[in-house]
Amino acid sequence: MSIEARRDQPVAEFLILTGALGSGKTTLLSNYLSTADTRDTGVIVNDAGEVNVDGAVIESDNRKLALAKLSNGCICCSLGNGLQDAIDELLAARESSGLGGLRRIILETSGLAEPAPIVRALSQTRQSDFRLRIVSTLDCLHLPEAGELVGQYAAQLAAAQSIVLTKLDVAGAERVKAATALAASVNPLATKITTWSDVERCRLIFDDSEVPSIPVPRMLFSANGVERHERMTIVLANWERPVSWLDLSEWVENVAGFCGEKLLRTKGLIRVAGCDDLVLLNGVGTVFSPPRRVRAEGANVEGIVLILRDISPTELSSLSNSASDVPPSLRLR
């Protein structure tokens, strides 16, 4: 890894809309497409079945929309060149229409998909400089049981910058409260969207100016009363003094390499020796965005939050200490 300064020129956004089967992804997307100016938006819809029902629904309501459909199974299991082909299809359609480039591409995944393989595939496309954002739905009416949580449900929630609670109008106050607690316990980094208004919900989900860009690990780890899940581990890793870039890179790469698919999310701000700014690390699974500098003035939050499944705190502590000659201290949530 190497530190990269943030570019000033605008880059197209790639938004992954994920969530469990039947949790309301298509409804959210349809509401957005019907209420917003989407002339510069392209949509890719993936359905796990042979017939892309969600794609047909979106297409029937939005005849002029730049749309590509992936019907060759769950996208994270059967990507191949499908994602590249779908992006190329959208861009070619825009070019032939004379409408110019796309400001945003939205990928609605199958409910069976995990985000990390999609992020990995996206990083290997010809257009890999997209600004990536991940949004996950959480169905308040049908919350996953404890045993179901650790599968793709946990991966979807843990990867998200924003978690959208759906079906609030029929779930009732107690289920909404339980869903909010579940979202906080799996991903303390994510913004929780709990508004009942369709218009306000779409604004909060799809307007990227609404998404916080800086994590707040210390504030997150001062919260009490959040349920812990037996197979989920959330820790804050931090160095007491500025760490060299070599030691930081070694630690991150070794931890990611050992954990593999058990590492769901990494995000945080670190003080690096010889750098006046903080460094932002941001990863989904084992795929990391280029580290970038963040102005340190007024910043009072430091550390890297890791969200993992099926790795005990004891196992992680042992791994962390062997991953680098200068390991961080670990604080368990």
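The values are calculated or read from the model by the stated rules, or taken from the named source; none is laboratory data. In this text, all values refer to a predicted model and were calculated from it rather than measured experimentally. Cβ placement follows ideal geometry from the backbone for every residue including glycine, while neighbour counts extend to all protein chains displayed. When the accessible area is computed, the model is the full protein with side chains, heavy atoms only, and any ligands, DNA or RNA have been set aside. Shrake-Rupley method; radii C 1.70, N 1.55, O 1.52, S 1.80 Å.
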Exercise. Is there a residue in the range 308-329 that is crowded, with 21+ Cβ neighbours inside 10 Å and within 26 Å of Arg131 (Cα to Cα)?
Worked result: yes
For this session: Those residues that are surrounded by fewer than 22 Cβ atoms within 10 Å (Cβ to Cβ) and either more than 24 Å from Leu236 (Cα to Cα) or over 14 Å from the mean Cα position of the chain (by Cα) (or both), I need them from the range 178-192; list them, please.
Result: Ala178, Thr180, Ala181, Ala184, Ser185
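Residue-wise test of (1) modelled with pLDDT of 90 or more; (2) among the basic types (Lys, Arg).
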{"residue": "Arg271", "(1), (2)": "yes, yes"}
{"residue": "Gly283", "(1), (2)": "yes, no"}
{"residue": "Ala296", "(1), (2)": "no, no"}
{"residue": "Leu319", "(1), (2)": "yes, no"}
{"residue": "Leu330", "(1), (2)": "yes, no"}
Exercise. Is at least one residue of the range 229-236 open to solvent by 60 Å² or more (accessible area, probe 1.4 Å) and modelled with pLDDT under 95?
Worked result: yes
For this session: Scan the range 107-127 for residues that are under 17 Å from Gly42 (Cβ atoms), in contact with a Cys (Cβ under 8 Å, 6 or more places away or on another chain) and assigned to a helix (DSSP H, G or I) and report the count.
Result: 1
